[in-house]
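Asks: Input: one structure, supplied below.
Laboratory data are not the source of any read-out in this text; all were calculated from the coordinates shown. In this text, all values refer to a predicted model and were calculated from it rather than measured experimentally. All Cβ positions, even for glycine, are placed from backbone atoms using ideal geometry, and neighbour counts span all protein chains on display.
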RNA sequence: UGACCCAUGGUGUAAUGGCAACACAGCAGAUUUUGGUUCUGUUAUUCUUGGUUCGAGUCCAGGUGGGUCAACCA
């Protein structure tokens, strides 16, 4: 269930197919909705998981039900408590509270007993074949598999062998427990799937208590059943697992949870493959799992995305069974939509050009009132010092302006945002002809949107007082890859060849002094530059502003023409 | 060359046998002390062939295209 702010899915939208299924269930008299989010604690959650989290928790919330958080920890060699903690943190950050926290490993004893039930029913057997033999006899998608020579052992022998497996009598790989289904089944997963394998490894929760571990297919449906999950929602690649999911539940005659599948999220200019993301981290293409360019939830958080915007995104991408690739610009839209509403405005100059206001009294400073957020009156205002010398952005001045350039140019006049009108009188250059500063005059009567004679200017530019400005590092993040689908590589290239060299640009900016008191959890819109949040350099602990997303820049399009 | 899943503007998602719509992206204009925001307008869609039907995006059959499955991963 959502805590804090309401999930931003309250705008009217048509039901997705899962909601329709649930409403049909309710119409049939099934009043209870209980979902679960079942990550394996073997890595960090990404935006694709966020879709699943919002779906599972959202479904339950909508129909007055509950959602469990369950860690699918059936493979001790891949899992770690570090991941458990990060997953819990990420789910909470997204704004959801789980009804119960469970672990598949909590059910190991029950699962073991149920395996015995299946053995007694003649539906499971211990197989002595090697991994290679099992693979070789499984057949292919077009040819049937062959039955194991151990397939018809007696229940007594199977029981004894299985108990010995648990007792640690055998080495890893020496024996497995298999379900006895059909080696010729067209669905490969039904060809006597492995239920238990021997792994002599320490588990992050059960320690060394077990040396046999259940496989996903054997553990998942039963775990759902134990928790009396009504709607077990997972991604499409588990579609072929559903017959097996149902097979175990039916043979065991336990609570009939049902599995439903939806298409996983794909996003342009990035990728969700844990394996490939790991390569980016290990080979230091990024700073870590929480590098703000990564699609992980912890990265989005660090970059300055809000949980509200991620939830809004999850709601807008929809839920269906067809493969999809979402435009990265939709994510950017969602975060801009939220940030525009809540982020306080500040002025920042990335590429400074000094402006001397020649008719302004030397040594004088005045405080200019600036609105914090024109979208939100309650955000109030702040005072920003103004003096004879200010920095403006170099982009806001052009010596030979094209038509439709509204900002400063020789002889032209613009407004310094919330301040005075200034007119460019003289361009000062160095010996090489590079512009080093501008000499302007100001209209003393022009504060507050007025002017001495009622004239209007089209251009409004931002500025900081040279004497009062503070400096800080800005990290400007852009898309991680240069192509929409980094998996779609040319011959001889891999995804790393398509990394965007400009995905991280560091600049030292001049900021208005109020930013010295910037808050870590606050979001700011640096006017003309983008939305930022405060971060700290991992090693030096120096303050840094991370850019969440850029402002829409229609001037860039005009300039291209 | 098996089983299963899928096919609607550039990208997503609706339309549940009865006028193909909504959002993002694009384009144009208006407003604006952010070339931001907001507002208005606008471009563009049912893979194909047949069948059922008064009527098909929707139902049926074939074709084509895409995806998933042959870990002792999940």
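Asks: Angle check, please: helix A:307-317 long axis (alpha carbons) against the longest principal axis of chain A (alpha carbons), in degrees 0 to 90, nearest 10.
Replies: That works out to roughly 70 degrees.
Asks: Further question on the same structure: At 222 nm, what value in deg cm²/dmol follows for chain A if DSSP H runs of at least 4 each add -39500 (n - 2.57) and the sum is divided by all its residues, to the nearest 500?
Replies: -8000 deg cm²/dmol
Asks: Now for a separate question. Could you work out, for region A:372-444, what percent of all Cα-Cα pairs fall into each 10 Å distance bin, beginning at 0 Å and stopping at the bin that holds the largest distance?
Replies: 16, 43, 27, 11, 2, 0
Asks: Now, a different point. If I stretch the segment between residue A:31 and residue A:493 completely, what's the gain in nm (0.36 nm per residue apart, minus their alpha carbon distance), one decimal?
Replies: 161.0 nm
Asks: If r is the Cβ-Cβ distance from residue A:284 to residue A:351 and R0 is 25 Å, what FRET efficiency results, to the nearest 0.05?
Replies: Calculated value: 0.30.
Asks: To continue, here is another question. Among A:530-536, A:67-73, A:272-278, A:81-87, how do they line up from the highest to the lowest mean number of other beta-carbon atoms within 10 Å?
Replies: A:67-73, A:530-536, A:81-87, A:272-278
Asks: Ranked from highest to lowest mean number of other Cβ atoms within 10 Å per residue, what is the order of the peptides A:394-402, A:409-417? Could the numbers behind the result be given before it?
Replies: Numbers: A:394-402: 14.4, A:409-417: 18.8.
Going by the mean number of other Cβ atoms within 10 Å, highest first, we get A:409-417, A:394-402.
Asks: Would you mind ranking A:435, A:47 so that the residue whose beta carbon has the fewest other beta carbons within 10 Å leads the list? Write down the numbers at each step before the final one.
Replies: Numbers: A:435 14, A:47 23.
Ascending Cβ contact count within 10 Å gives the list A:435, A:47.
Asks: Still on this structure: Helix A:328-342 versus the longest principal axis of chain A: what is the Cα-based angle in degrees, 0 to 90, to the nearest 10?
Replies: The angle comes out at about 60 degrees.
Asks: Let me ask something additional. Express the Stokes-Einstein translational diffusion coefficient of region A:316-373 in µm² s⁻¹, to the nearest whole number, given a Kirkwood radius over alpha-carbon pairs, 25 °C and a viscosity of 0.890 mPa s. Can you show the working numbers first?
Replies: Details: Rh = 16.7 Å.
So the translational diffusion coefficient is about 147 µm²/s.
Asks: How many angstrom separate the Cα center of region A:338-406 from the Cα center of region A:470-517?
Replies: Between the Cα centres of region A:338-406 and region A:470-517 lies a distance of 25 Å.
Asks: Further, regarding this structure: Subtract the Cα-Cα distance of residue A:164 and residue A:128 from 0.36 nm times their separation in residues, and report this length gain in nm to one decimal.
Replies: On the way: separation 36, 0.36 × 36 = 12.96 nm, distance 1.28 nm.
Result for the pair: 11.7 nm of gain on full extension.
Asks: Do you know the relative contact order of region A:320-394, to the nearest whole percent, from alpha carbon pairs under 8 angstrom that are 6+ apart?
Replies: RCO, region A:320-394: 35 percent.
Asks: Between region A:522-555 and region A:281-307, what is the separation of their alpha carbon centroids in Å?
Replies: For region A:522-555 versus region A:281-307, the Cα centre distance is 14 Å.
Asks: Please work out the Cα center distance from region A:200-237 to region A:139-197, rounded to the nearest Å.
Replies: Distance between centres, Cα-based: 19 Å.
Asks: Hey, another quick one. State the Kirkwood hydrodynamic radius of chain A in Å, one decimal place, computed from all pairs of distinct Cα atoms.
Replies: For chain A, the Kirkwood estimate is 27.7 Å.
Asks: Let me ask something else. Can you tell me, using C-alpha contacts under 8 Å and at least 6 residues apart, the relative contact order of chain A as a whole percent?
Replies: Answer for chain A is 12 percent.
Asks: If you don't mind, there's one more thing I want to ask. Rounded, prolate or oblate, given the Cα gyration tensor of region A:1-146, with a/c below 1.5 counting as rounded?
Replies: prolate
Asks: Oh, and also: Which FRET efficiency value, to the nearest 0.05, is calculated for residue A:109 and residue A:239 with the Förster distance at 30 angstrom and r the Cβ-Cβ distance?
Replies: That gives a FRET efficiency of 0.50.
Asks: A further question follows. With just the Cα atoms of region A:214-316, tell me how far they stretch along each of the three principal axes, in Å, largest first.
Replies: 49, 31, 22
Asks: How far, in nm, would the chain grow between residue A:188 and residue A:471 when pulled straight, counting 0.36 nm per residue and subtracting the alpha carbon separation?
Replies: Length difference between fully extended and current span is 95.7 nm.
Asks: Exposure proxy check: A:234, A:334 ranked by fewest other beta carbons within 10 Å?
Replies: In order of increasing Cβ crowding within 10 Å: A:234, A:334.
Asks: Of A:315, A:253, how do they rank once you tally other Cβ atoms within 10 Å and put the fewest first?
Replies: Final ranking by Cβ density, sparse to dense: A:253, A:315.
Asks: How far is helix A:47-62 tilted off the main Cα axis of chain A, in degrees rounded to 10, range 0 to 90?
Replies: Relative to chain A, helix A:47-62 is tipped by roughly 80 degrees.
Asks: Additional query: Taking the Cβ-Cβ separation of residue A:425 and residue A:381 as r and a Förster radius of 35 Å, what is the calculated FRET efficiency to the nearest 0.05?
Replies: On the way: r = 31 Å, r/R0 = 0.88.
According to the calculation, E is roughly 0.70.
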